[in-house]
Structures are given as structure tokens and as C-alpha cells.
Amino acid sequence: MTVAPDRSRARVLIAADHVPTRVGLRLALEPSADCTEAGDSESAVAAAERESPDVCLLDFDPPSRGLRTLAEIRSRVPEAHVIVLTSRVEEDEFIAAMRAGASGYLHQGLDPARLPFVVEGVLRGEAAVPRHFVTRLIDELRAPALNRNHVRAADRGVELSSREWETLELLRQGLPTREIAMRLGISQVTVRRHLGSAYRKLGVGSRASALELLAAT
């Protein structure tokens, strides 16, 4: 006789390349959830379509691939809640994941004992995000459309991202790279990446040239 699945238990898809990661997540969740595993992006999307999970725990490393997988799962199984698990918590990646439809963004080092409560919360409609990112998400939603999409610098019509503009503005205020990183909640490497991208778009080769250009706007 076939036993019908217990629908009181959440169906969770664990999508991660690393086998020990999948095993650890499964051990933490199985007392209260029915788990399925997938080892790569293609099998994760296929498993999501096949199993129609309530929640998908998605390894976000590397972010570019993780973001594509997230978007694909959300497109094919829109009712599934996707919680991103990442080895490096980056604010830009967090915003990108939430825009792509993630219900959560958490560090892989999360205490496994918390996972069942995280899953339950997401199923109740709660967002599973680090507390210090909540303010950033609110600011992003409140940002004027002009700042999100483009700014005009020295009548050049240069299009900068919201984060590039924020980084340049803090630079104009005289903050060094370390303080800009602390203010924005990102790494110094990410700050330098944003500045380099902005310099290229503005057609300048140095911080001094960028400041001179900004002073004229």
C-alpha cells in the first residue's frame, strides 16, 4: 500500500555543489521537512520543476551562476520560496538576489539548528535576511528612480548605477575607502570595483580627476 506524503511537512529542495553542505542541511531539516537534493544548477532547476518544493535552499556560489539559477527556479516554479545561502555576505549580491525574487539571503555558516525556524518563517511570509541589511533594503526601495538608473555628470549623460553614485558621493565628502566600505556595508575591494567602474564611465583615470569632475556638477 502506498503511503501518501505528509503535507504538514515542508518540502525542501537543497541545491548545493558541496556534498557535505547538502548532508548537513538535510540533517538539520529532516526532523520537520521532506528534503530533496540537487548537486548543480541544471539538476536544481529540474528538481524544482519535478518536486514543486515549498522552499529551495540555494547555494549562491559563485554569485553569477547562483543568480541565474535563482531566476530560473522563480520563473518555472513561482510558488517556491528560495533562500540563498552564500559564503560571503555582500550587500550588492543581497540586493540582486532580492530583486530576482529570493525570500532570504543568509550566510552558509548559519547555525543549522536555526534552519527549521527559518523555513517556517519564510513559509509564513517572512523574509530571512540579516538584520543589518533590512535598512539597506528599505533605502533601496525608497531611492528615487533617477538615482537608481542614471545621473548626468558634467553634461555628459553618463549612466551610473545607484551604488556607483553613492560611492562617488561619499568620495566627494572626503571619506577614505575603508570608511566608505563601512558606511555602505560592503568590502573595500567592492568599493574599489565600484570606483573603477565609475571612473571608466566618466572617462577619468584617477580619484583626483573624478573629484574635479564632480566638483563641476
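Some points to look at:
- Matching helices (runs of 4 or more DSSP H) fully within the range 1-109 where at least 2 residues are under 19 Å from the mean Cα position of the chain (by Cα) and free of Cβ contacts under 8 Å to residues at least 12 places away in the same chain: 63-76
- A search for C-beta distances below 6 Å between a residue of the range 187-211 that is among the aromatic types (F, W, Y) and any residue that is in a helix (DSSP H, G or I) and buried (at least 17 other Cβ atoms within 10 Å of the Cβ), counting only pairs 6+ apart in sequence or on different chains, returns Y199/A210.
- Among (1) modelled with pLDDT of 75 or more; (2) out of contact with any strand residue (DSSP E or B) (no Cβ under 8 Å at 6 or more places or on another chain), the one test that V158 misses: (1)
- Residue among A71, A102, A96 that alone is under 20 Å from A10 (Cα atoms) and small (G, A, S): A102
- Residue match in the range 64-81 (condition: farther than 23 Å from E126 by Cα, surrounded by fewer than 19 Cβ atoms within 10 Å (Cβ to Cβ) and at pLDDT below 85): yes
- Residues located in the range 13-24, provided they are surrounded by 21 or more Cβ atoms within 10 Å (Cβ to Cβ) and either out of contact with any helix residue (DSSP H, G or I) (no Cβ under 7 Å at 6 or more places or on another chain) or within 14 Å of E51 (Cβ to Cβ) (or both): L13, I14, A15
- Residue that is surrounded by the fewest Cβ atoms within 10 Å (Cβ to Cβ), among those in the range 175-196 that are of a type in the set (V, I, T) and in contact with a helix residue (DSSP H, G or I) (Cβ under 8 Å, 6 or more places away or on another chain): T177
The values are calculated or read from the model by the stated rules, or taken from the named source; none is laboratory data. A quick note: this is a predicted structure, and the numbers were derived from the prediction, not measured. Reconstructed Cβ throughout: ideal geometry from the backbone, glycine too, with neighbour counts over all protein chains shown.
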